[in-house]
Amino acid sequence: MRSGTIRGLFLFGPELYAYVILPLLIFLARVADVSMETIRVIYISRGIKFLAPIIAFFEIVIWLLAMEVVMSDLSNIANFIAFALGFATGTYVGLVIEEHLSIGTVILRIITTEESTDEIVSFLEAEHFGATSIDAKGTRGEVRMIISLVNRTEVPKISAHIESTNPRAFFSIEDIRYVSQGVFRQKEKNIFSKAKGSVLSLFYHR
(Lines give C-alpha, C1' and ligand atoms only; values in the text may rest on other atoms or scores of the structure.)
Protein backbone atom coordinates (compact mmCIF):
# COMPACT_ATOMS: atom_id res chain seq x y z
CA MET A 1 0.00 0.00 0.00
CA ARG A 2 2.87 2.41 0.75
CA SER A 3 4.49 1.92 -2.68
CA GLY A 4 1.16 2.71 -4.33
CA THR A 5 0.81 5.82 -2.18
CA ILE A 6 4.28 7.03 -3.09
CA ARG A 7 3.57 6.52 -6.79
CA GLY A 8 0.33 8.46 -6.43
CA LEU A 9 2.13 11.36 -4.79
CA PHE A 10 4.47 11.71 -7.77
CA LEU A 11 1.62 11.59 -10.27
CA PHE A 12 -1.02 13.76 -8.59
CA GLY A 13 0.51 15.61 -5.66
CA PRO A 14 -0.20 14.91 -1.98
CA GLU A 15 -3.35 17.03 -1.56
CA LEU A 16 -5.03 15.88 -4.78
CA TYR A 17 -4.21 12.26 -4.07
CA ALA A 18 -5.36 12.34 -0.45
CA TYR A 19 -8.57 14.34 -0.89
CA VAL A 20 -9.71 13.42 -4.42
CA ILE A 21 -8.12 10.27 -5.85
CA LEU A 22 -8.28 8.06 -2.74
CA PRO A 23 -11.86 9.09 -1.79
CA LEU A 24 -12.93 8.45 -5.39
CA LEU A 25 -11.41 4.96 -5.30
CA ILE A 26 -13.09 4.28 -1.96
CA PHE A 27 -16.42 5.49 -3.34
CA LEU A 28 -16.18 3.23 -6.41
CA ALA A 29 -15.12 0.26 -4.29
CA ARG A 30 -18.09 0.73 -1.97
CA VAL A 31 -20.50 1.07 -4.89
CA ALA A 32 -19.16 -2.22 -6.26
CA ASP A 33 -19.26 -4.25 -3.05
CA VAL A 34 -22.63 -2.94 -1.81
CA SER A 35 -24.17 -3.59 -5.24
CA MET A 36 -22.87 -7.14 -5.00
CA GLU A 37 -24.27 -7.44 -1.48
CA THR A 38 -27.72 -6.31 -2.59
CA ILE A 39 -27.77 -8.78 -5.48
CA ARG A 40 -26.41 -11.57 -3.25
CA VAL A 41 -29.17 -11.08 -0.67
CA ILE A 42 -31.79 -11.15 -3.42
CA TYR A 43 -30.27 -14.34 -4.85
CA ILE A 44 -30.35 -15.97 -1.41
CA SER A 45 -33.99 -14.98 -0.86
CA ARG A 46 -34.89 -16.61 -4.19
CA GLY A 47 -32.97 -19.80 -3.57
CA ILE A 48 -30.18 -19.20 -6.12
CA LYS A 49 -27.50 -20.86 -4.00
CA PHE A 50 -24.69 -21.29 -6.54
CA LEU A 51 -24.05 -17.67 -7.52
CA ALA A 52 -24.43 -16.20 -4.01
CA PRO A 53 -21.11 -17.59 -2.61
CA ILE A 54 -19.17 -16.41 -5.69
CA ILE A 55 -20.56 -12.90 -5.33
CA ALA A 56 -19.83 -12.99 -1.58
CA PHE A 57 -16.15 -13.77 -2.22
CA PHE A 58 -15.53 -10.77 -4.47
CA GLU A 59 -17.75 -8.59 -2.30
CA ILE A 60 -15.68 -9.12 0.84
CA VAL A 61 -12.35 -8.72 -1.03
CA ILE A 62 -13.41 -5.30 -2.32
CA TRP A 63 -14.75 -4.31 1.11
CA LEU A 64 -11.45 -5.23 2.80
CA LEU A 65 -9.48 -3.15 0.29
CA ALA A 66 -11.71 -0.12 0.86
CA MET A 67 -11.62 -0.53 4.63
CA GLU A 68 -7.82 -0.83 4.62
CA VAL A 69 -7.52 2.51 2.85
CA VAL A 70 -9.92 4.21 5.27
CA MET A 71 -8.21 2.81 8.36
CA SER A 72 -4.79 3.85 7.09
CA ASP A 73 -5.70 7.53 7.46
CA LEU A 74 -8.39 8.11 10.08
CA SER A 75 -7.83 11.87 10.03
CA ASN A 76 -9.01 12.22 6.42
CA ILE A 77 -12.71 13.11 6.57
CA ALA A 78 -13.00 12.82 2.79
CA ASN A 79 -12.45 9.06 3.06
CA PHE A 80 -15.32 8.71 5.52
CA ILE A 81 -17.67 10.73 3.32
CA ALA A 82 -16.71 8.68 0.26
CA PHE A 83 -17.22 5.48 2.23
CA ALA A 84 -20.75 6.50 3.28
CA LEU A 85 -21.73 7.88 -0.13
CA GLY A 86 -20.48 4.70 -1.79
CA PHE A 87 -22.65 2.62 0.55
CA ALA A 88 -25.77 4.64 -0.26
CA THR A 89 -25.11 4.72 -4.01
CA GLY A 90 -24.26 1.01 -4.08
CA THR A 91 -27.60 0.12 -2.51
CA TYR A 92 -29.44 2.01 -5.24
CA VAL A 93 -27.25 0.63 -8.03
CA GLY A 94 -27.75 -2.93 -6.77
CA LEU A 95 -31.52 -2.53 -6.88
CA VAL A 96 -31.38 -1.09 -10.39
CA ILE A 97 -29.20 -3.98 -11.58
CA GLU A 98 -31.53 -6.53 -9.98
CA GLU A 99 -34.53 -4.88 -11.62
CA HIS A 100 -32.92 -5.14 -15.06
CA LEU A 101 -31.88 -8.76 -14.47
CA SER A 102 -35.54 -9.68 -13.79
CA ILE A 103 -34.69 -12.98 -12.15
CA GLY A 104 -37.28 -15.45 -10.94
CA THR A 105 -41.03 -16.01 -11.07
CA VAL A 106 -43.79 -13.83 -9.66
CA ILE A 107 -47.43 -14.42 -8.85
CA LEU A 108 -49.82 -12.06 -10.63
CA ARG A 109 -53.26 -11.38 -9.15
CA ILE A 110 -55.66 -9.48 -11.37
CA ILE A 111 -59.06 -8.22 -10.27
CA THR A 112 -61.13 -7.17 -13.24
CA THR A 113 -64.66 -7.16 -14.66
CA GLU A 114 -66.26 -10.22 -16.18
CA GLU A 115 -66.24 -8.61 -19.63
CA SER A 116 -62.44 -8.34 -19.78
CA THR A 117 -61.65 -11.64 -18.05
CA ASP A 118 -61.74 -13.79 -21.18
CA GLU A 119 -59.49 -11.38 -23.07
CA ILE A 120 -56.85 -11.36 -20.33
CA VAL A 121 -56.99 -15.14 -19.78
CA SER A 122 -56.71 -15.76 -23.53
CA PHE A 123 -53.66 -13.51 -23.70
CA LEU A 124 -51.95 -15.34 -20.82
CA GLU A 125 -52.70 -18.72 -22.36
CA ALA A 126 -51.42 -17.53 -25.74
CA GLU A 127 -48.16 -16.59 -23.98
CA HIS A 128 -48.05 -20.13 -22.51
CA PHE A 129 -48.81 -19.08 -18.94
CA GLY A 130 -51.35 -20.88 -16.80
CA ALA A 131 -54.27 -18.79 -15.55
CA THR A 132 -56.93 -19.50 -12.94
CA SER A 133 -60.03 -17.29 -12.79
CA ILE A 134 -62.48 -17.31 -9.90
CA ASP A 135 -65.58 -15.34 -8.97
CA ALA A 136 -65.12 -12.72 -6.27
CA LYS A 137 -66.95 -9.83 -4.69
CA GLY A 138 -65.45 -6.39 -4.18
CA THR A 139 -66.68 -3.15 -2.65
CA ARG A 140 -68.21 -2.16 -5.99
CA GLY A 141 -69.90 -5.44 -6.78
CA GLU A 142 -69.12 -8.71 -8.53
CA VAL A 143 -65.62 -9.07 -10.03
CA ARG A 144 -63.35 -11.81 -11.36
CA MET A 145 -59.94 -12.67 -9.96
CA ILE A 146 -57.26 -14.07 -12.25
CA ILE A 147 -54.19 -15.73 -10.75
CA SER A 148 -51.14 -16.58 -12.82
CA LEU A 149 -47.44 -17.37 -12.29
CA VAL A 150 -45.25 -15.53 -14.80
CA ASN A 151 -41.59 -14.81 -15.42
CA ARG A 152 -40.48 -11.42 -14.14
CA THR A 153 -39.18 -10.55 -17.60
CA GLU A 154 -42.74 -10.77 -18.94
CA VAL A 155 -44.34 -8.50 -16.33
CA PRO A 156 -44.07 -5.22 -18.34
CA LYS A 157 -45.64 -6.87 -21.40
CA ILE A 158 -48.50 -8.40 -19.40
CA SER A 159 -49.07 -5.18 -17.44
CA ALA A 160 -49.34 -3.20 -20.66
CA HIS A 161 -51.90 -5.66 -22.04
CA ILE A 162 -54.00 -5.50 -18.84
CA GLU A 163 -54.01 -1.69 -18.90
CA SER A 164 -55.01 -1.63 -22.58
CA THR A 165 -57.79 -4.20 -22.03
CA ASN A 166 -59.18 -2.69 -18.84
CA PRO A 167 -57.46 0.48 -17.57
CA ARG A 168 -59.40 0.21 -14.30
CA ALA A 169 -58.30 -3.35 -13.53
CA PHE A 170 -56.45 -3.85 -10.26
CA PHE A 171 -53.44 -6.14 -10.19
CA SER A 172 -50.67 -6.96 -7.73
CA ILE A 173 -47.31 -8.70 -8.15
CA GLU A 174 -45.49 -10.75 -5.52
CA ASP A 175 -42.15 -12.55 -5.59
CA ILE A 176 -42.21 -16.27 -4.93
CA ARG A 177 -39.35 -18.59 -4.03
CA TYR A 178 -40.62 -22.03 -4.95
CA VAL A 179 -43.45 -23.49 -7.05
CA SER A 180 -44.46 -27.03 -7.89
CA GLN A 181 -46.65 -28.26 -10.76
CA GLY A 182 -48.73 -25.97 -12.93
CA VAL A 183 -48.39 -24.53 -16.43
CA PHE A 184 -45.27 -22.47 -17.01
CA ARG A 185 -43.71 -20.86 -20.02
CA GLN A 186 -40.43 -22.48 -20.97
CA LYS A 187 -37.47 -20.16 -20.65
CA GLU A 188 -35.33 -19.64 -23.72
CA LYS A 189 -31.97 -21.32 -23.41
CA ASN A 190 -29.02 -18.97 -23.27
CA ILE A 191 -25.50 -19.72 -24.42
CA PHE A 192 -24.52 -21.08 -20.99
CA SER A 193 -27.39 -23.54 -20.74
CA LYS A 194 -26.77 -24.72 -24.31
CA ALA A 195 -23.11 -25.32 -23.55
CA LYS A 196 -24.05 -27.21 -20.38
CA GLY A 197 -26.45 -29.40 -22.36
CA SER A 198 -23.79 -30.16 -24.96
CA VAL A 199 -21.31 -31.24 -22.29
CA LEU A 200 -23.87 -33.46 -20.57
CA SER A 201 -24.85 -35.07 -23.87
CA LEU A 202 -21.24 -36.11 -24.44
CA PHE A 203 -21.27 -38.07 -21.17
CA TYR A 204 -24.66 -39.66 -21.82
CA HIS A 205 -23.73 -40.87 -25.31
CA ARG A 206 -20.54 -42.60 -24.17
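The values are calculated or read from the model by the stated rules, or taken from the named source; none is laboratory data. Just so it is clear, the model here is predicted, and its values are computed rather than measured. Counting neighbours? That spans all protein chains shown, and the Cβs are built from the backbone with ideal geometry, glycine included.
Can you pull out the helices (runs of 4 or more DSSP H) entirely within segment 63-182 that have at least 3 residues that are closer than 30 Å to residue 16 by Cα and free of Cβ contacts under 8 Å to residues at least 12 places away in the same chain?
Of the helices (runs of 4 or more DSSP H) lying wholly inside segment 63-182, those with at least 3 residues that are closer than 30 Å to residue 16 by Cα and free of Cβ contacts under 8 Å to residues at least 12 places away in the same chain span 77-101.
Determine, yes or no, whether residue 174 is loosely packed, with under 10 Cβ neighbours inside 10 Å, modelled with pLDDT under 55 and among the acidic types (Asp, Glu).
Details: loosely packed, with under 10 Cβ neighbours inside 10 Å: yes; modelled with pLDDT under 55: no; among the acidic types (Asp, Glu): yes.
In short, no.
Just a yes or no: is a residue in segment 11-33 part of a helix (DSSP H, G or I), of a type in the set (Asp, Glu) and at pLDDT below 90?
Checked segment 11-33: at least one residue is part of a helix (DSSP H, G or I), of a type in the set (Asp, Glu) and at pLDDT below 90.
Of these, 111, 158, which one is out of contact with any Gly (no Cβ under 9 Å at 6 or more places or on another chain) and among the hydrophobic types (A, V, I, L, M, F, W, C)?
158
Scanning segment 139-168 for residues that are touching a strand residue (DSSP E or B) at 6+ places or on another chain (Cβ under 6 Å) and of a type in the set (D, E, K, R), which turns out modelled with the highest pLDDT?
144
Could you list all residues from segment 66-88 that are among the aliphatic types (A, V, I, L, M), exposed (fewer than 15 other Cβ atoms within 10 Å of the Cβ) and at pLDDT 85 or above? Lay out the reasoning, then the answer.
Within segment 66-88, the subset among the aliphatic types (A, V, I, L, M) is 66-67, 69-71, 74, 77-78, 81-82, 84-85, 88.
Filter once more, so that each one left must be exposed (fewer than 15 other Cβ atoms within 10 Å of the Cβ): 71, 74, 77, 81, 84, 88.
Within segment 66-88, 71, 77, 81, 84, 88 meet the criteria.
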